[in-house]
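Have a look at the structure below, then the notes.
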Amino acid sequence: MLKEHLGRMLAYHSWAQAQLIHTLTDLPDDDYFADQGLFFASIHGTLNHIALGDALWLGRLSAEPYPVTRLDQPLADDLAGLTSIIASTLEQWQTWFSAQEEFHLFELVSYRSMAGAPGQRRRADLISHALNHATHHRGQISAALTAMGYPAPELDLLYAPQELLDEYPR
């Protein structure tokens, strides 16, 4: 039951990322790269951080660490490059997640924070954290879009296609 729920949330996450990227494709570069007062400054910086967070947490969960030196580490210089990285990382998430059994989700995973502090949490909690982290930052991007007068995508879970969510468990 937990695997089904997390699988549905992962499907939602992939869908929400695609919706956000679709919205950003028509955004002028001046607005996309401008400092919007976000924690990672621009929309590009924030989207980059979401992509970095996905790669970082997948690496920690799969015991194949992703080389991250800082939370604003650039992954790509433009939206097209980030889109490719995001798609690849989400595919890796799906592959990894599909191989997990329900009992794996309750296992403890040890990791180190970016500051080097040790941490240990259940795998399910870390997956939930990674997905929630992205939702938080997508909200920041949506706020920046509306502040500039652009429409923000409808990213609530209820807008995700039901058939997409019903594909789980995988």
Item checked: Three principal axis lengths of the chain [C-alpha, angstrom, descending] -> 47, 40, 22
Next item on the list: Could you list which residues have their amide H under 5 Å from that of ARG122, counting only those 5 or more apart in sequence or on another chain, with H placed in the peptide plane?
Entry: VAL109
Note to self: At 4 °C and a viscosity of 1.567 mPa s, what translational diffusion coefficient does Stokes-Einstein give for region 24-93, taking Rh as the Kirkwood radius over Cα pairs? Give it in µm²/s as a whole number.
What the structure shows: 103
Check: Tell me, what ³J(HN,Hα) does each residue in region 31-40 have, in order and in whole Hz, if you take phi through Karplus 6.51 cos²θ - 1.76 cosθ + 1.60 with θ = phi - 60° and put x for Gly and Pro?
Finding: 7, 4, 9, 5, 5, 9, x, 7, 4, 9
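With an 8 Å Cα cut-off and a minimum separation of 6 or more residues, compute the relative contact order for region 1-72 in percent. Write out the running numbers ahead of the final one.
Details: 39 pairs, mean separation 11.4, N = 72.
Normalised by residue count, the contact order of region 1-72 is 16 percent.
Using 1/(1 + (r/R0)^6) with R0 = 30 angstrom and r between the beta carbons of GLN162 and GLU107, what's the FRET efficiency to the nearest 0.05?
Details: r = 31 Å, r/R0 = 1.03.
The calculated FRET efficiency here is 0.45.
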Checklist line | Net length gained if the chain between PHE39 and HIS133 were fully extended (0.36 nm per residue, minus Cα distance) | finding: 32.5 nm
Next item on the list: Please identify the helices of the chain, taking whole runs of DSSP H, that span at least 15 Å along their own axis as judged from the Cα atoms and have a mean Kyte-Doolittle score of 0.0 or higher.
Entry: 43-62, 79-98
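Using the number of other C-beta atoms within 10 angstrom as an exposure proxy, rank MET148, MET9 with the fewest first.
If I rank by nearby Cβ atoms, fewest first, I get MET148, MET9.
Say R0 is 35 Å: what FRET efficiency, to the nearest 0.05, do ALA143 and SER98 get from their beta-carbon distance? Present the calculation step by step, with values, prior to reporting the outcome.
Values: r = 34 Å, r/R0 = 0.96.
Efficiency at R0 = 35 Å is approximately 0.55.
Values in this text are rule-based calculations from the coordinates and carry no lab data. The structure displayed is predicted, hence computed values, not measured ones. Cβ atoms come from the backbone with ideal geometry, glycine included; neighbour counts cover every protein chain shown.
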